[in-house]
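Beneath this line is the structure, given in structure tokens, with notes to follow.
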Amino acid sequence: MLIRTFCIVLVGCIAAFGASADESGLSGTYKSVSERGTDISQAIEKAVEKLNFIKRPIARGRLSRTNFAYKEIRIEIGASEAEITYDTQAPIRMPLSGEQIKWKRADGEVFEVSAKLADGKLSQTYRAEDGARVNSFSKDEHGTLHLDVEVSSPQLPEPVKYTLLYRPAS
């Protein structure tokens, strides 16, 4: 009887821990639904169209190299941190407190990265010397993951904004 009671309590504790770790329901692996997302190149063009003819191609090139649709995103949300993996890149593990950590992209550029979870939405912010990028993850009633991206810089007359859609991987 004592062992049975212990097992019931243990299972209840494990279930409670799992529920509290990701109340947002965002944890999982998602595949791109590219035909349903905003066209990134149009968003870049809109943001750079007011730049002069010398700065425009430079900004367009830099934004195009760093803004593209990932084929797969994996999100793991724990009690105090989030881990996000884009395609086959190394995972980025961040505290959910909003505290910034240093992170180096595969090309060597260093960023301050932070994450916050509020109202079922996970926000991931990258800060560099020349600007910032905010990735906001949320799910709709159909289980589709929305990745809303906003890239801002003092060099741009307006931010680059676009949305990418992902479905749960089977």
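The values are calculated or read from the model by the stated rules, or taken from the named source; none is laboratory data. Keep in mind that this is a model prediction, so the values were computed, not measured. In this analysis, Cβ positions are derived from the backbone assuming ideal geometry, glycine residues included, and neighbour counts consider all displayed protein chains.
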Taking first residues from region 106-121 that are of a type in the set (S, T, Y) and second residues anywhere that are surrounded by 17 or more Cβ atoms within 10 Å (Cβ to Cβ) and modelled with pLDDT of 95 or more, the pairs with Cβ under 7 Å that are 6 or more apart or on different chains are S114/M94; S114/T125
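Mind checking whether some residue in region 97-105 is surrounded by 15 or more Cβ atoms within 10 Å (Cβ to Cβ) and not in a strand (DSSP E or B)?
Yes, region 97-105 has at least one match.
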Are there any pairs with C-beta distances below 8 angstrom linking a residue in region 125-147 that is touching a residue at least 24 places away in the same chain (Cβ under 8 Å) and closer than 11 Å to Y166 by Cβ to a residue that is of a type in the set (V, I, T) and surrounded by fewer than 17 Cβ atoms within 10 Å (Cβ to Cβ), with the two at least 6 apart or on different chains, and if so which?
T144/V33; L147/T163
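If we keep just the residues of region 23-63 that are assigned to a loop (DSSP other than H, G, I, E, B) and over 18 Å from the mean Cα position of the chain (by Cα), which is surrounded by the most Cβ atoms within 10 Å (Cβ to Cβ)?
L51
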Region 128-148, residues that are among the aliphatic types (A, V, I, L, M) and under 10 Å from the mean Cα position of the chain (by Cα)
V134, L147
Is there a residue being exposed (fewer than 15 other Cβ atoms within 10 Å of the Cβ), part of a strand (DSSP E or B), within 12 Å of the chain's Cα centre (by Cα) and in contact (Cβ under 8 Å) with a residue 24 or more places away in the chain anywhere in region 70-86?
yes
Picking from S153, S136, S114, the residue that is of a type in the set (G, A, S), over 22 Å from S97 (Cα atoms) and in contact with an Asp or Glu (Cβ under 7 Å, 6 or more places away or on another chain) would be S153
Would you confirm, using the coordinates I've provided, whether L156 is surrounded by 15 or more Cβ atoms within 10 Å (Cβ to Cβ) and either without any contact (Cβ under 8 Å) to a residue 40 or more places away in the chain or under 22 Å from G28 (Cβ atoms) (or both)?
no
